[in-house]
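The values are calculated or read from the model by the stated rules, or taken from the named source; none is laboratory data. The shown structure was predicted, so the numbers you read here are calculated from the model rather than taken from an experiment. When we count neighbours, we look across all protein chains shown, and the Cβ atoms used for this are built from the backbone with ideal geometry, even at glycine. Remember, those area values only see protein heavy atoms, side chains included, never the ligands or the DNA or RNA. Shrake-Rupley method; radii C 1.70, N 1.55, O 1.52, S 1.80 Å.
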Amino acid sequence: MKLTHIPLKHIHRENTDFRYRTYLTDESLAHTMKNSGLCDPVYLLIKDKSPLIIDGFKRIHVLSKHFPSSFPVPAVTLEEKELTWKTHLALVLNQDTRGALPFIEKVSAYQMLKKNHIIRDDAEILRALNLPDRADYHKIYTYLTDLPEAWNRFFTDHTVPGRRIKTMCEAVDLKACVSLLNIIPGLNRLEQAIIMLSEIEKREGISAGNILQTLLDELHNDPIKAEHVFMRIREIRYPLRSRYEKKMDDALKALNPPHFVSVQCDKNGEKPGTQIIATIQNPQDTEEFLTWYEKVRESIKKLLNERLEL
């Protein structure tokens, strides 16, 4: 192991045997390196006289974009026999110390270390990375190896904890639901949508991917908005409740109260009754309120005992 300088053009950027980070691009790192012209040493494995990146993929990416191919890259070079389990693990844990690695990247690091250090026990690698060593999680680790890149990026961007990734992976086939990522950007709403799709899937016997595609086909003539898609999934999951909520919305709109009056009721269908709030500021408001109330008295009576019957 030695510290040296290697021209950028001699480093094999195409080899990704040791890469586990989701992104190569790092704007903050790029800004710092462009301004300072400095680069912390990368770690390279000399294999068949070719330098392969072990650690420093982002730095090499920045250099390749903004520096000449002759740039002397500071590098710690290792021979194959020097890339021991402990050395390799230390490089990964050093990245975790700098900025806690998201669960999805830790899983990727586990797969990478497992592949490059086959004599190590799985349990030892998982323990070193602070990942659960349980049968249910092992299924998730295997599933994640074939997950579309869009999901990896989402889980990285939102630093999604392992338990939430596990919940979503076990709920539906995420590979068939990639389109959701382009529509519902927030983690909480996305997770709720996935859970509802899984429940519809179990009830209807139709795959979540097909349910989602049918729904998107229905909406293709309208601008597809996150709220529209979420509410449509909710309508399919809870048809009785959704119809009841629409019935109550329509009934309240039909009352058409004056601008200084609001009428509210429980749209969950659990509490009977109607709440009328009027902000009366002059005699004219009083007369307008009484006239309106007389006109809608019977409609309000019908709302008093409305309940959702399931």
_Area of Tyr238 that stays accessible when all protein chains are in place (1.4 Å probe, Å², to 10)_ = 80 Å²
*Taking the range 11-128, how much of its Cα-Cα pair set, in percent, is spaced more than 21 angstrom apart?*
39 percent
*Between Thr87 and Thr25, what FRET efficiency follows from the Cβ-Cβ distance if R0 is 30 Å, with the result rounded to 0.05?*
0.65
*Using a 1.4 Å probe on the protein chains only, how many percent of the accessible area of the range 258-310 belongs to carbon and sulfur?*
48 percent
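Using the C-alpha gyration tensor of the chain, what are the square roots of 5 times its eigenvalues, in whole angstrom, with the largest one first? Display every interim value, and only then the final one.
Numbers: eigenvalues 691, 114, 53 Å².
With the √(5λ) rule applied to the chain, the semi-axes are 59, 24, 16 Å.
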*asked:* If you average the alpha carbon positions of the range 93-166 and of the range 224-244, how far apart do those two centres end up, in angstrom?
replied: 34 Å
*Spin-label model distance (nm) - Glu14 vs His66, 7 Å beyond Cα toward Cβ*: 2.7 nm
*Estimated FRET transfer efficiency (Asp146, Glu79; beta-carbon r; R0 35 Å; 0.05)*: 0.60
*Glu245: accessible area at probe 1.4 Å, nearest 10 Å²?*
40 Å²
*Can you tell which of Leu290, Leu212, Leu38 lies farthest toward the positive end of the dipole of the chain, using +1 and -1 charges on the Cβ of basic and acidic side chains (Lys, Arg; Asp, Glu)?*
Leu38
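Using a 1.4 Å probe on the protein heavy atoms, what percent of the accessible area of the range 32-122 belongs to carbon and sulfur?
Of all accessible area on the range 32-122, carbon and sulfur atoms account for 51 percent.
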_Between the range 187-210 and the range 55-79, what is the separation of their alpha carbon centroids in Å?_
45 Å
*asked:* Order His138, His66, His117, His5 by their accessible area, 1.4 angstrom probe, all chains in place, largest first.
replied: His5, His66, His138, His117
_Mean accessible surface per residue for the range 152-310, computed with a 1.4 Å probe while every protein chain stays in place, in Å²_ = 60 Å²
*Among the listed pairs Lys175/Lys247; Lys34/Lys114; Lys271/Lys295, give every one whose C-alpha distance is greater than 29 Å.*
Lys175/Lys247; Lys34/Lys114
*Efficiency by 1/(1 + (r/R0)^6): what FRET value for Lys34 and Asn94, r their Cβ-Cβ distance, R0 = 22 Å, to the nearest 0.05?*
0.40
*Largest-first ellipsoid semi-axes for the range 177-274, taking √(5λ) over the Cα gyration tensor eigenvalues, angstrom*: 30, 16, 12
